[in-house]
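The values are calculated or read from the model by the stated rules, or taken from the named source; none is laboratory data. What you see is a predicted model, and the numbers here were worked out from it, not measured in a lab. Virtual Cβ from ideal backbone geometry, glycine too; neighbours counted across all protein chains shown.
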Amino acid sequence: MLRTILTIIFIIICIALVVLVLMQEGKSAGLGAISGAAETYWGKNKGRSMEATLVRVTKILAVAFMLLAVVLNIDKF
């Protein structure tokens, strides 16, 4: 029963990670990076922006994904 619940949570986290990664802006290099550096320099509320929130939630879900992957496969070692 617990394994089924953990598997469902794992699938939800997988879908949420895919959606969050697709929602984030690309980090392009090249001539656009010049204006991008100015944006980060002048952006005082960069930590409170939507992009920063997406990055933070993605990191949390990635850690949860890895932990659940280990827990769900612990009996196969």
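Select from region 40-77 the residues that are at pLDDT below 85, surrounded by 10 or more Cβ atoms within 10 Å (Cβ to Cβ) and over 18 Å from the mean Cα position of the chain (by Cα) and list them in ascending order.
GLY43
How many residues are out of contact with any helix residue (DSSP H, G or I) (no Cβ under 7 Å at 6 or more places or on another chain) and not in a helix (DSSP H, G or I) if we restrict to region 1-25?
The number of residues fulfilling the criteria is 1.
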